[in-house]
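Participant: First, the structure itself, so that you have it in front of you.
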Amino acid sequence: MKSKSVSLPLALRFMLLLALSMLLLSVVFAELLKVSVTHKQDSDLEKSIALICRTVEERGTDELAFLELPYYITYAVWERDGRTVLSTNDSLLPLLDSDGKSRTHFEKDFFTDSDLNIRYRTKTLEAGGKTLVVECALDIANDSAAQMLYAIPRIALISLLPILVLSFALSFLISRSTIFAFKKLQADYDREKAFTSNVSHELKTPISIIDGHANLLKRWGKDDPAQLSESIDAILHETENMNQIVTTLLDMSRIENGTLKVESNRFFATNFFAKLKDEFRITHPDCTILISDPDFLEIETDEQKLHQIFTVVMSNSLKFAGEKCTITLAAKKSGSKTELSASDNGPGFSESALPHVFERFYKGDSSHDRNVSGAGLGLSIAKTLALALGGEIRAENTAAGGACVKVALHFFPMSVL
């Protein structure tokens, strides 16, 4: 909604700028066309006068009746003294003298049904001992070039309206897309900035612990067997934490760069869940894992990537629901997809946390409390992997209040990468 409110004034400004530009171009074009038309008219008048003068000098005024002139040219040859017309092809042409220049003459209501609007030119000629005036004129109102010239402003105004509407729509869409792209770029920048800050935060604690125990051993701890053992265990534990963080970041980089390969194979959901159960039973013997797959559904996807997703989800259940929790792995048909889920009997997600559980480094609060181990990247990795498999992932709470993560996959999706 905010991008729309910003896009509207930008689109209006663009439309106004385009309108002014078009008006300016129309004025310039009209002026250039006017100069061109006027030049053409003056050239026709000059050529006609030259032809009439040559005919009068060589054969007299009587031959003018047989002279071929452009149909739009009217002429009159008259004596300067007495203004006697010797020859003309338009008896209504007023006798005017332009002193050898092209001029425009307008008389309102000259005719019973119209005005007189002509462009004319005259030339003085000495013939037979008399001073003659050769006058040529053309009717501007009936000249096609002139009509086009005067029609341009009206045509420009008529055509301007749809162009302005179209330009407004296009500029609105372009500006909204630009603003959206800029906001997305800004969001990416803010996310990467937060990412760097979070990585620094996550690595700072294990580094501080390792540094503290290393200095303690250097000063006196190496001589105390109990302290030596404790410090070595702490260093090894924090080193493993750092290794998990770096490995997770590398996985995310491969996913985002498109270098993560997805290899599709077919397997049954029950067998897949059984493998997960056996793996977790070894490391977490107090955890109860139940399997529900009444239809014995078959899946086609990258089993290793799907295994990574459910390892993350089940590890989260153990962190928040405790080692003695119960995890239920279920598979069922949901429309055109197979829905796999892992639910537990723990405290579940808080309403404020649900929209953010798949965000990087999110741990349920803004402080990134280390009371719960991990970098807060697991579910983010799970979501990216689910998308790479052509599926969807979502988090919700069960009716009993526990956490539930569901992964929906097509029955036999094609390999994405």
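Participant: Would you mind checking the pairs LYS183/LYS319; LYS184/LYS261; LYS261/LYS337; LYS193/LYS277; LYS218/LYS319 and listing those with alpha carbons more than 30 angstrom apart? Write out the running numbers ahead of the final one.
Facilitator: Working: LYS183/LYS319 36 Å; LYS184/LYS261 27 Å; LYS261/LYS337 22 Å; LYS193/LYS277 39 Å; LYS218/LYS319 34 Å.
In this structure, LYS183/LYS319; LYS193/LYS277; LYS218/LYS319 exceed 30 Å between Cα atoms.
Participant: Using a Cα-Cα cut-off of under 23 Å, which lysines could be cross-linked to LYS34, ignoring same-chain neighbours fewer than 8 residues away?
Facilitator: Straight-line reach from LYS34, under 23 Å: LYS47, LYS101, LYS108.
Participant: Apply the Karplus curve 6.51 cos²θ - 1.76 cosθ + 1.60, θ = phi - 60°, to the phi angles in the range 311-318 and return the couplings in whole Hz, x for Gly and Pro.
Facilitator: For the range 311-318, the Karplus curve yields 5, 4, 4, 5, 5, 5, 4, 5 Hz.
Participant: Sticking with this structure for a sec: Please give the length that would be gained between ASN397 and GLU298 if that part of the chain were fully extended, namely 0.36 nm times their separation in residues minus their C-alpha to C-alpha distance (nm, one decimal). Write down the numbers at each step before the final one.
Facilitator: On the way: separation 99, 0.36 × 99 = 35.64 nm, distance 2.62 nm.
Residue separation times 0.36 nm, minus the Cα-Cα distance, leaves 33.0 nm.
Participant: Determine the gain in length on full extension of the stretch VAL27-ASN265; use 0.36 nm per residue of separation and subtract their C-alpha separation, reporting nm with one decimal.
Facilitator: Values: separation 238, 0.36 × 238 = 85.68 nm, distance 7.03 nm.
That pair, VAL27 and ASN265, stretches by 78.6 nm at full extension.
Participant: Applying a 10 Å radius around every beta-carbon, put 27-38, 329-340, 52-63 in order of their mean neighbour count, most first.
Facilitator: 329-340, 52-63, 27-38
Participant: Now, a different point. If packing is taken as the average count of other Cβ atoms within 10 Å, what order do 124-136, 91-103, 300-312 fall into, highest mean first? Walk me through the numbers on the way to the answer.
Facilitator: Working: 124-136: 16.6, 91-103: 13.5, 300-312: 19.5.
The most tightly packed comes first, giving 300-312, 124-136, 91-103.
Participant: With the crude spin-label approximation of a point 7 Å out along Cα→Cβ, what separation in nm comes out for TRP220 versus PHE66?
Facilitator: It is 14.0 nm.
Participant: Still on this structure, please answer the following. Order the following by accessible area, largest value first: ASP113, ASP190. Probe radius 1.4 Å; ligands, DNA and RNA are ignored. List each step's numbers first, then the result.
Facilitator: Numbers: ASP113 130, ASP190 75 Å².
Per-residue accessible area, sorted high to low, gives ASP113, ASP190.
Participant: Counting only protein chains, not ligands or nucleic acids, how are ILE210, ILE291 ordered by accessible area (probe 1.4 Å), most first? Can you show the working numbers first?
Facilitator: Values: ILE210 40, ILE291 65 Å².
Accessible-area ranking of ILE210, ILE291, largest first: ILE291, ILE210.
Participant: For the range 48-97, what class follows from the C-alpha gyration tensor (a ≥ b ≥ c being the square roots of its eigenvalues): rounded when a/c is under 1.5, otherwise prolate if a/b is larger than b/c, else oblate? Don't jump to the answer; show the numbers that get you there.
Facilitator: On the way: a/c = 1.78, a/b = 1.17, b/c = 1.52.
The shape class here is oblate.
Participant: Now for a different question. Put a dot 7 Å past each Cα toward the Cβ at SER334 and LYS184; how far apart are the dots in nm?
Facilitator: Once both label points are built, they end up 2.7 nm from each other.
Participant: Figure the gain on full extension for LEU250 and LEU16 (residue separation times 0.36 nm, minus the Cα-Cα span) and round it to one decimal in nm.
Facilitator: Details: separation 234, 0.36 × 234 = 84.24 nm, distance 5.09 nm.
Gain on extension, LEU250 to LEU16, equals 79.2 nm.
Participant: Name the residues of the range 25-64 whose amide N is less than 12 Å from a point 7 angstrom out from the Cα of LYS130 along the C-beta direction?
Facilitator: 60-62, by backbone N distance to the label point.
Participant: Determine which residues of the range 82-108 fall in the zone a paramagnetic label at ALA50 would reach in this model, i.e. backbone nitrogen under 20 Å from the point 7 Å along Cα→Cβ.
Facilitator: Within reach of a label on ALA50, which here means backbone N under 20 Å from a point 7 Å along Cα→Cβ, the range 82-108 contributes 98-103.
The values are calculated or read from the model by the stated rules, or taken from the named source; none is laboratory data. If you're wondering where the values come from, they're calculated on a predicted model, not measured in any experiment. Every residue, glycine among them, receives a Cβ derived from its backbone with ideal geometry; neighbour counts consider all protein chains shown. Heavy atoms of the whole protein, side chains included, go into the accessibility calculation; ligands, DNA and RNA do not. Shrake-Rupley method; radii C 1.70, N 1.55, O 1.52, S 1.80 Å.
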